[in-house]
Structure formats: structure tokens, C-alpha cells
Amino acid sequence: MPTPRTVLLTGAAGGLGTLMRSLLPEYGHTLRLFDARPVEGAPDAVVADLSDTEALRRAMRGVDAVLHLAGISVESSFDKILKSNIEGTYHVYETARQEGVRRIVFASSNHAVGYTPVPHDGAPVPVDTPRRPDTFYGLSKSFGEDLAQFYWDKHGVETVSVRIGSCFPEPTSVRMLSIWLSPADGARLFHAALGAEGVGHTVVYGSSANSRLWWDLSSARALGYAPHDDSERYAAKLIAEQGELDPADPAQARLGGHFVTDPPLWPY
Ligand code: NAI
Ligand code: 15L
């Protein structure tokens, strides 16, 4: 197992950040917390925007790695996405370079490839499928993956970009049966991504071992990730409530689900 690491967790007040705050310490990681909002129960957390590069620098000093979750997590205006997700992620990388932090785990998203058709032929979507963002949000994740490649090629900062499916305590839609990442598997995957040797820039999909999986998990497994969970135990109930996915419905025919519609339909 990789050595326990001191990790800066950005987005610590968010849904995924809150789950990882409780799960990652079990793997021996010591977390330093950063978010624009106060982090409940964590008075030592750095409360600052990603644009506050001095605060980011202080938070990053001496850490082994960054788990970068902070950002707008759904579709929004281009201006807001630009500030938090595009410029914010640039500040994380540039500060990491300056502070000598060599490993970033970047919360990318399935929405970087959201226009990719759902694979009805059973062939899982490969990790090198052409990126097809479905929103400004998805575009920002596509940018983040390119930024990660650039900082590896030019500056030797390593990244695992995790195209997370849906990481919530339970899947809440039929679509999510195919892309669900259980919180426990999320912690397993982030732990593997934080500690694996020689990743350069590696892109992985982030999901559990779902029976209805849409994509190829081999690059994640190559990091040492071994998922334990399968969404299938939720399938009967969700399909009874919502019906099977309809391939003729544009909002159900692509990986990104309702994010592909304009404007995106909620809930997804
Ligand atoms: P969330 O919206 O619950 O949390 C995001 C956190 O980032 C918030 O606490 C917010 O205050 C913080 N934040 C936003 N902009 C910031 C800024 N400029 N400076 C400092 N902090 C800022 O989102 P969630 O669900 O926790 O997702 C975390 C990350 O994972 C996001 O980057 C999201 O895009 C990504 N992701 C999440 C998925 C999921 O299923 N939860 C799926 C795919 C990607
Ligand atoms: C994401 O990228 C979002 O951050 C999350 O809130 C979910 O919408 C997820 O994708 C999804 O596609 O279900």
C-alpha cells in the first residue's frame, strides 16, 4: 500500500468533499481542507476562493498531493464556470508547480464526454474516446484534463483525472445505475490515484463495478483500484419507478443524460 500522505482537499464543504472527509482518513491520509464556504465541524479549514492565490499557497505548502474537488459542479453561466472551474483549476496547478507539489487528483466528470452515445452494443466506452463536452461545465472539465496533461508534459506535475460518474450515497435514477460511484468506492479510487507510482497524466472513469457499466475501468484498475460495489441492488426499484432508459429520448441516449439538453433539464 502507498505511504499515507498529507493531502489538500479542495471543495471540502461540498457533497463529495464531505463524504471524503469521513472516508479518506481510514486510508491513513491526513487532510488539509479548503473551500470558499466554511467547512462544518472543521474550524481549521482554509475558507477562501480559489482566486486567492496567497491562501492557496499557504494551504498547499508542505502537502504531498492535492485532491482537487472545488468548483461549480453543475451547468452554470460561462462567466461563473470560467472563474471557478477554469481559472480556479489553473491557480491550483500553478500553485502546485511553484510549491513543488507533484501529484494532483482532479475531479473531472463524465460530462467531458457527455455527448458520447450510450453504448447499447455492450462495448464499454474507452478512456481515449474523443472528448465531447455537453455543457460549459463539461468544457471546463475537458480544459482541466488538458491543463493536467500540459503540467505533466511541461512541469512534471502528475495527475490522475477522474471522470466521475455520479458519486452519491445511492443512485437516484436509472441512468445512474450505469455510472454510480459508491462513496466507499470513491474513497478506494481516490486513495489509489493519490498513491500509485508513475501515473504521468492518467485519465480514468470513476464508477463502481456496476452490472450496467457504460465505460472501461481498466485504467482505474491499473492504479490498484478494486471496486466493491454494484448499483444493481437498486435497479428493480428505480426501473419500476422510472422505466428503462429510452434510446429515442435525446436526454437519455448520451452519457451526459439531461446535461445534453439545452437548457439542461433537472432533476437528472
Ligand atoms: P459540490 O457543489 O457539492 O461541492 C463543490 C464545492 O466546491 C463547494 O463546497 C463549493 O463551495 C466549492 N467551490 C466552488 N467554487 C469554488 C471556488 N471558486 N473556490 C473555492 N471553493 C469553491 O460538488 P460535489 O458533488 O461535491 O463535486 C465535487 C467535485 O467533483 C466537483 O468538481 C464536481 O464537478 C466533481 N464531480 C462530482 C460528481 C458527483 O457525482 N458528485 C460527478 C462528477 C464530477
Ligand atoms: C456531475 O458532473 C455533477 O457534478 C454531479 O452533480 C452529477 O450531476 C453527475 O455529474 C451526473 O452526471 O450524474
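Laboratory data are not the source of any read-out in this text; all were calculated from the coordinates shown. Note that the coordinates shown come from a computational prediction; the quantities given were computed from them, not determined experimentally. Positions of Cβ are backbone-derived with ideal geometry, glycine not excepted, and every protein chain shown enters the neighbour counts.
Tally time: how many residues in the range 136-169 are of a type in the set (D, E, K, R) and either within 12 Å of ligand 1 (Cβ to nearest atom) or touching a helix residue (DSSP H, G or I) at 6+ places or on another chain (Cβ under 8 Å) (or both)?
Filtering the range 136-169 down to residues of a type in the set (D, E, K, R) leaves 141, 145-146, 153-154, 158, 163.
Then keep just the ones that are either within 12 Å of ligand 1 (Cβ to nearest atom) or touching a helix residue (DSSP H, G or I) at 6+ places or on another chain (Cβ under 8 Å) (or both); that gives 141, 145, 158, 163.
Qualifying residue count, the range 136-169: 4.
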Worksheet item: Taking interchain pairs and intrachain pairs at least six residues apart, which have beta carbon atoms under 9 angstrom, with the first residue in the range 35-61 and on the phi > 0 side of the Ramachandran plot and the second surrounded by 13 or more Cβ atoms within 10 Å (Cβ to Cβ) and among the basic types (Lys, Arg)?
Response: 41/21
Worksheet entry | Considering residues of the range 240-252 that are surrounded by fewer than 17 Cβ atoms within 10 Å (Cβ to Cβ) and of a type outside the set (Asp, Glu) only, the residue farthest from residue 176 (Cα to Cα) | 248
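I'd like the full set of residues that are acidic (Asp, Glu), surrounded by fewer than 18 Cβ atoms within 10 Å (Cβ to Cβ) and within 21 Å of the chain's Cα centre (by Cα), limited to the range 25-47. Talk me through it step by step, then tell me what you get.
Within the range 25-47, the first condition is being acidic (Asp, Glu), and the residues that meet it are 26, 35, 40, 44.
Still in the running and surrounded by fewer than 18 Cβ atoms within 10 Å (Cβ to Cβ): 26, 40, 44.
Once the filter is applied, which keeps residues that are acidic (Asp, Glu), surrounded by fewer than 18 Cβ atoms within 10 Å (Cβ to Cβ) and within 21 Å of the chain's Cα centre (by Cα), the range 25-47 yields only 26.
Working only within the range 62-107, note down all residues that are at positive phi and surrounded by fewer than 22 Cβ atoms within 10 Å (Cβ to Cβ). Can you show your working first?
First, the residues of the range 62-107 that are at positive phi: 62, 71, 100.
62, 100 - these are the residues of the range 62-107 that are at positive phi and surrounded by fewer than 22 Cβ atoms within 10 Å (Cβ to Cβ).
Answer with yes or no whether residue 257 is within 16 Å of ligand 1 (Cβ to nearest atom) and touching a helix residue (DSSP H, G or I) at 6+ places or on another chain (Cβ under 7 Å). Working first, answer last.
Numbers: within 16 Å of ligand 1 (Cβ to nearest atom): yes; touching a helix residue (DSSP H, G or I) at 6+ places or on another chain (Cβ under 7 Å): yes.
Criteria met by residue 257.
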Worksheet entry | Hits in the range 125-135 - residues which are out of contact with any strand residue (DSSP E or B) (no Cβ under 6 Å at 6 or more places or on another chain) and within 16 Å of ligand 1 (Cβ to nearest atom) | 131, 132, 133, 134, 135
